[in-house]
DNA sequence: CTAAATGCAAAGCTTTTGCGCTCGT
DNA sequence: ACGAGCGCAAAAGCTTTGCATTTAG
């Protein structure tokens, strides 16, 4: 259901009973001077508690499960806003829907199991150095990057005699 | 209009007058036993001549410019088919539309200039080795990968005081 | 109090699909 | 001849938006 490295939506990170103090994401919103409505607080909380890569529908589902005073249009408006503010990063793992990832988790990449849809997050220092040097090679400064590996658990696959699966279209597991 | 490494739609690769012999992509289609209709031949030709990463609308535009006997639905159906057959690879550079890239060009990655939308293709052996080893580290065999670098020409950017641009949403240049 | 945010439903975009006709093989 | 492919237009997803109402600061 989730990526292998950690479990799904986790409890608040060691604060008191989760009811009235600002979540991680909410704090970021306040820092950037956003007007904090009840809906935004709610969405911020859902995002703070999520450790996967939910799409808008999933965020909406989790939000109304907690409070039910949000419309999906507001979720769309909010993730867009938070992305513009650099609080969220939008991802595309195939499947047509955008997935969202809090930026404060630090840079990481994804290894997607094409058979199960499982998403594994990873970091790699050597890779970071390498892409910096590649960008530099062309006279560029890196603003953003995206590395996604799609793989299978088994040995090496035959060179695809006939691909029935659309590459990049994960089977809708993590976050969805 | 195109990426910096090479020019736009090129002339047929040294064959006779381009009218009646199979293009590079058409040959691949025949190899896989696809029924070659006039429309498919036309689309195959457009793909063979393209060196950028056109989306469906752009393919459609180029196709009707040559012949005008295609509907956009057929272009959609054809790129989907060719992707399933492993002849095309679908890409997402942001902007909502899928872009297509003939697979026989060999594996390469993309460096996108976020200011101009220019797409630079590159390869990097060290990177290939690295991702293989990363996949292996998790017990996976790589089926596909995706590396996209988004950058700017200038010096290092300040840590984004307020991002107005949606990351990954290129300003529609290459292929569009 | 004023500008910004929300809800709802309608509209926008890209992509897919049902169906009758056409065309490769 | 027959099944695959085509065109057209309608429909399906995901996302955005207009407008009247509510709310944060």
Rank the residues A:133, B:48 as a footprinting-exposure proxy: fewest other Cβ atoms within 10 Å of their Cβ go first. A:133, B:48
Taking B:57, B:83 and counting other beta carbon atoms within 10 angstrom, the fewest-first order is B:57, B:83
How do B:118, B:78 line up, fewest other C-beta atoms within 10 Å first? B:118, B:78
Rounded to one decimal in nm, the spacing of the 7 Å Cα→Cβ label points at residue B:80 and residue B:115 is 4.0
Could you work out, residue by residue across A:132-140, how many beta carbons of other chains sit within 10 Å of that residue's beta carbon, and then give the average as an integer? 5
The stretch B:12-105: equivalent-ellipsoid semi-axes (sqrt of 5 x gyration tensor eigenvalues, Cα, Å): 19, 15, 13
Taking a label point 7 Å from Cα toward Cβ, how far is residue A:73 from its twins in the other copies, in nm, shortest first? 3.2
Shortest first, in nm, what separates the label point of residue A:96 from those of the same position in the other copies (7 Å along Cα→Cβ)? 1.5
Determine the percent antiparallel among the DSSP beta bridges restricted to the stretch B:107-153, to the nearest 5. 50
For residue B:104, placing the label point 7 angstrom along Cα-to-beta-carbon and taking the stretch B:80-98, residues whose amide nitrogen sits under 11 Å are B:87-88
Quick one: the Cα spread of the stretch B:107-153 along its three principal axes, in angstroms, biggest first? 39, 16, 16
So, in nm and shortest first, the distances from residue A:136 to its counterparts in the other copies, with label points 7 Å along Cα→Cβ, work out as 2.7
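Taken together, the values in this text are just the output of simple stated rules run on the coordinates, not laboratory data. Here the structure is a predicted model, which means the values were calculated and not measured. Cβ: placed from backbone, ideal geometry, glycine included. Neighbour counts: every protein chain shown.
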